[in-house]
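Handing you this structure, nothing more for now.
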Amino acid sequence: GSELVERALAAIESMITTAPDPEGEVGYTLFHQSLRTHILGSDQLTHAVTTTREAMADLSEEKEVPAVIENYFLRCGVRHLLEAERREAAKGRLLDQAVFEMLYEHDKYLLLGYWLELGDDVSAAYESVFDGWKRDEQEKVASRLASFLSTAGCYGDFTESLYRRALEGREKALGAEHSVTLMSVQDLGSFLSVKGAHVKGDQDEAESLCRRAMEAQERILGPEHPDTLSSVNSLGMILSWKNEREEAEALHRRALEGREKALGPEHPDTLKSINNLAMVHSDNKEYAEAEALFLRALEGKEKAMGPNHSSTLSSAHNLGFFHQKIKKDYKGAELLFRRALEGKVKALGTEHPATMRSVRCLANLLGSADRFAESLDLLRHYAGMSPSAHNALAYDLACYECLEGHLDEAKKAIASHLKKHPEEKDWALARDALAPIHKWIAETDFS
């Protein structure tokens, strides 16, 4: 066996190179990816590939593996299980605390990608096992899981409870003004603010928490410390959402200037501040300044993080919105919206709130150009992917079904939306797009 392996490795020696893995251990990788393509596509090697995949999946399910490959299987075992179509075993590994922590530290977007591939409710899955996880460093684990669920677009009560658990534990263990505690204060405030943009949330509590963090950090760490500037940025975002533009602009400008000085002009946090300040200028109708900053943010993120990073795609979306609403450049806006949507589907999945927002924006852009049939096709395509996607798009879907004369379909869609949000009935009755079914909406009890 070992002689045969050595002969095989010798035959492809020119296509293999050594490279350190994320733990610093020596591994091997294909220098020419064409070899992988050939192996996987070869009829003659089908049996060998299947046997190898099953063997790697078997090892991934072992409770104990040799120490030399333990880190590898913590990091890559889920991939081997998915390739062998062992979905339940893959889900089981993702719910293992050690695997979660390894993948979170290595690449939380890789972790998110595994869940997207499984298509399960990630928040419900972790909620079902979290109380059984080890209690060592409970606040740290709760904080990490909360951060990951936020990245996955899970803004529900379980995620909020994790942020609160982390904060309460750190206040008790470290004190109310420890730097780690104050970051938890800011994290909870930021989460509540974002939650309020998607579901019911308390923006006043969010503001109070971020002010508490910022003022304590200014006193303890100094006004230019990165942690302080992070709270400054978060508070600026909250005030922007509350339409308190003057203080929001001052905070975003302070965050940008401080981050440029402390972190450099191309640091991801600096680029986020550039984008946030651009949005303030746009809200203030200072369009030349806004466009220059939107472009600077997008180009900087493309260079620093790559064209398909979620933050880069967010900047592409923001610039597209600017092209549509301010410049009336619908062609340019469509190109940017399509780029953002396609990238978010790959990076975040079809059900993520950011993806749904891109779907709605592209559909409304097409609708503003009287391309109603294209808008409807787009909305039907994404709404049909899952119940949660349909829920997110039901209101827009109802409007475009109406505009195309499909009144029965429009009634089904708006009923689905108003059963979950009966408080929006008056708003639906005020929408011109739904005029053909206004009488039906008014007479129907959705509670």
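Each reported figure results from applying straightforward, stated rules to the coordinates on display, with no laboratory input. Note that the structure is a prediction, hence the values are computed from the model and not measured. Positions of Cβ are generated from backbone atoms using ideal geometry, with glycine treated the same way; all protein chains shown enter the neighbour counts.
Once the other residues with Cβ under 11 Å from the Cβ of Ala442 are scored (Lys, Arg +1; Asp, Glu -1), what is the net sum?
Here the count lands on -1.
Which of these, Leu149, Leu341, Leu378, has the largest mean-square fluctuation under a Gaussian network model of the chain (Cα springs below 10 Å)?
Leu378
Okay, next question. Alpha carbon centre of region 121-145 versus region 157-233: separation in Å?
20
Once you've got the GNM for the chain with C-alpha springs shorter than 10 Å, pick whichever of Glu404, Glu160, Glu64 has the biggest mean-square fluctuation.
Taking springs between Cα atoms under 10 Å, the residue moving most is Glu64.
Then there's this: Given the DSSP H assignment, sum -39500 (n - 2.57) over each helix run of at least 4 residues in the chain and divide by its residue total; what's the result at 222 nm in deg cm²/dmol, nearest 500?
So the helix-based figure for the chain works out to -24000 deg cm²/dmol.
Further, regarding this structure: Go through (1) 28.4; (2) 30.5; (3) 26.0 and flag the label whose value is the computed mean projected area of the Cα convex hull in nm² for this structure.
(3)
Just want the ordering: Cys402, Cys210, Cys154, from fewest to most Cβ atoms lying within 10 Å of their own Cβ.
Cys154, Cys402, Cys210
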